[in-house]
Amino acid sequence: MISIEFDMMVFKENNTFVAYCPELDISSCGNTVEHAKEMLKTAVRLFLEEAEKMGTIKDILEESNYKKDKSGKWLPPKMIATEKEAGALNA
């Protein structure tokens, strides 16, 4: 089983916590922050297991901007910044 690093963002939607992995565009949810994080780890693991079975893991990781280092470890793209912006709509 391949092991990768990934970013995890957690936010709240009403009474549910949503954990999101932007590199792979995978999300999951839970009743608490920790539960949402554990559910996301499970979702990523299942996704990677299935991609390995299908033989598409290399393509998926490359499309997600992961790079292999000299030792063969997959390195994630680096998140540079996250920001909260405000905008106005002209209706």
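The values are calculated or read from the model by the stated rules, or taken from the named source; none is laboratory data. Treat the numbers as computed from the prediction; the structure is a model and nothing was measured. Cβ coordinates were reconstructed from backbone atoms using ideal geometry, including for glycine residues, and neighbour counts include every protein chain displayed.
The residues of the stretch 8-34 that are in contact with a strand residue (DSSP E or B) (Cβ under 9 Å, 6 or more places away or on another chain) and more than 22 Å from Thr82 (Cβ to Cβ) amount to a single one, Asn31. Picking from residues in the stretch 7-32 that are under 15 Å from the mean Cα position of the chain (by Cα) and β-branched (Val, Ile, Thr), the one that is farthest from Met79 (Cα to Cα) is Val18. Within the stretch 1-29, residues that are charged (D, E, K, R) sit with their Cβ atoms under 7 Å from residues that are not in a loop (DSSP other than H, G, I, E, B), at 6+ positions apart or across chains, in these pairs: Asp7/Cys21. Cβ-Cβ distances below 6 Å connect the following pairs, each with a first residue in the stretch 34-54 that is under 19 Å from Thr16 (Cβ atoms), a second residue that is surrounded by 14 or more Cβ atoms within 10 Å (Cβ to Cβ) and hydroxyl-bearing (Ser, Thr, Tyr), and a separation of six or more residues or different chains: Met39/Ser28; Leu40/Ser28; Ala43/Ser28.
Looking across the stretch 12-34, just one residue is of a type outside the set (Asp, Glu), assigned to a loop (DSSP other than H, G, I, E, B) and crowded, with 17+ Cβ neighbours inside 10 Å, and that is Leu24.
Among residues of the stretch 37-91 being hydrophobic (A, V, I, L, M, F, W, C), modelled with pLDDT under 95 and exposed (fewer than 13 other Cβ atoms within 10 Å of the Cβ), the one that is farthest from the chain's Cα centre (by Cα) is Ala91.
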